[in-house]
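The values are calculated or read from the model by the stated rules, or taken from the named source; none is laboratory data. As the structure is a prediction and not an experimental result, all values here were calculated from the model. Note that each Cβ is placed from the backbone with ideal geometry, even for glycine, and that neighbours are counted across all protein chains shown. Calculation scope for accessible area: heavy atoms of the full protein, side chains included, ligands and nucleic acids excluded. Shrake-Rupley method; radii C 1.70, N 1.55, O 1.52, S 1.80 Å.
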Amino acid sequence: MTKLDLYSLFYSVALNKSFSKAARELFITQSAVSQGIKKLEAELGVTLFTRGAKGITLTHEGEVLLNHIRPAIDKIAEGEREVKKMSSLESGRLIIAAGDTISKHYLLPYLEIFHHLSPQIRIEVINRTSLNVAKLLKEGRVDIGFVSSRLSDAELVYKKCFDAHDIFVASKNHFKELQNREISFKELSALPLLMLETSSTGRLYVNEFFKSKGISLKPDIELGSHDLLVSFARAGLGIASVTKEFCSMEGLFKLKTPAIPKRQVCVAHLADCPPPIAALKFIELIEKKKL
């Protein structure tokens, strides 16, 4: 038996004031209880119980030990209860890292459902770019993260959420001459472009694709959010590079360009450390609902 086993055994005997009752409570033999107490007494060099005709009683040393052990045993029991509550989603936390666009246009309805099903779970969403999401995961600061394209990182495990398609949109009122026209990538690069900042994974993906075609994109305006791209495009300030799945086409049209290969929006977590139960349940909700 380990030291903790011996102390648990002592605690049970002390509370039950009986070796036989403690044996039944711990699902071991009375002989094992007796041997365990003897071993603990030998290690401590004291007698913990006096045995008489009316049963057993704690010695003074036994009372002192019990008073010190009781808070520890109670804390362990409290911890067990708390963990069981977490396993049934009666308690716990869920910390997610994701970009603003994914949070608003993809995660929000899932978070609403999850909160309704498990209101006791404390939810925290940290907004970061996909590259910084991976950093937060590896630092252990978040449970799961959502990235706008699968990264080459052996420390992380990725599960596909959906395919994302990069397109270029323009205002129907300001760029009528471009509607219903086939536009090459080379011609597109010469137009007034609106794109996300260079630190954005989506921007990097589009840049790399055009670079593979021998084309360098130099936007006229760089913006920090996808929603601003859409708003600026509606205002006629340029041709916006947007994600089709997150773009309301009201007042806009999609330019007829060759297709850009789709990318995957994924949920990620550490490869060598499974996420907490609440995070696993949230991933399961996404896989089942597919809103």
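Hand me the list of strands (runs of 3 or more DSSP E) wholly inside region 218-273 holding 2 or more residues that are open to solvent by 30 Å² or more (accessible area, probe 1.4 Å).
The strands (runs of 3 or more DSSP E) meeting that bar are 221-223, 263-270.
Return the pairs, sorted by first residue and then second, in which the second residue is open to solvent by less than 50 Å² (accessible area, probe 1.4 Å) and of a type in the set (A, V, I, L, M, F, W, C), the first residue lies in region 190-218 and is closer than 19 Å to PRO261 by Cα and free of Cβ contacts under 8 Å to residues at least 24 places away in the same chain, the beta carbons are less than 7 Å apart, and the residues are 6+ apart or on different chains.
Close Cβ pairs satisfying both conditions: ASN207/LEU217.
Where residues in region 98-117 are crowded, with 21+ Cβ neighbours inside 10 Å and either in contact with a Pro (Cβ under 9 Å, 6 or more places away or on another chain) or among the β-branched types (Val, Ile, Thr) (or both), which of them is farthest from VAL230 (Cα to Cα)?
The selected residue is ILE102.
Among the residues of region 68-116, count how many are assigned to a helix (DSSP H, G or I) and either within 15 Å of PHE282 (Cβ to Cβ) or modelled with pLDDT of 95 or more (or both).
The first filter runs over region 68-116 and keeps only residues assigned to a helix (DSSP H, G or I), leaving 68-87, 100-116.
Filter once more, so that each one left must be either within 15 Å of PHE282 (Cβ to Cβ) or modelled with pLDDT of 95 or more (or both): 86-87, 102-103, 106-116.
Here the count works out to 15.
Can you find, within region 123-153, the residue that is least open to solvent (accessible area, probe 1.4 Å) among those that are more than 10 Å from ALA98 (Cβ to Cβ), at pLDDT 90 or above and in contact with a helix residue (DSSP H, G or I) (Cβ under 9 Å, 6 or more places away or on another chain)?
Ranking the qualifying residues of region 123-153, first place goes to ASP143.
So, in region 154-208, exactly how many residues are within 27 Å of LEU131 (Cα to Cα), of a type in the set (A, V, I, L, M) and either in a strand (DSSP E or B) or open to solvent by 90 Å² or more (accessible area, probe 1.4 Å) (or both)?
10
Right, ALA22: touching a helix residue (DSSP H, G or I) at 6+ places or on another chain (Cβ under 8 Å) and farther than 30 Å from LEU107 by Cβ or not?
Details: touching a helix residue (DSSP H, G or I) at 6+ places or on another chain (Cβ under 8 Å): yes; farther than 30 Å from LEU107 by Cβ: yes.
It is true that ALA22 is touching a helix residue (DSSP H, G or I) at 6+ places or on another chain (Cβ under 8 Å) and farther than 30 Å from LEU107 by Cβ.
Return a yes/no flag: does region 8-26 have any residue that is among the hydroxyl-bearing types (Ser, Thr, Tyr) and open to solvent by 60 Å² or more (accessible area, probe 1.4 Å). Working first, answer last.
Here is the first cut: in region 8-26, the residues among the hydroxyl-bearing types (Ser, Thr, Tyr) are 8, 11-12, 18, 20.
So of that shortlist, the ones also open to solvent by 60 Å² or more (accessible area, probe 1.4 Å) come out as none.
No; the residues of region 8-26 include none that is among the hydroxyl-bearing types (Ser, Thr, Tyr) and open to solvent by 60 Å² or more (accessible area, probe 1.4 Å).
Note down all Cβ pairs under 7 Å where the first residue falls in region 240-257 and is on the phi > 0 side of the Ramachandran plot, the second is open to solvent by less than 30 Å² (accessible area, probe 1.4 Å) and of a type outside the set (A, V, I, L, M), and they're at least six residues apart or on different chains.
Close Cβ pairs satisfying both conditions: GLY251/SER171.
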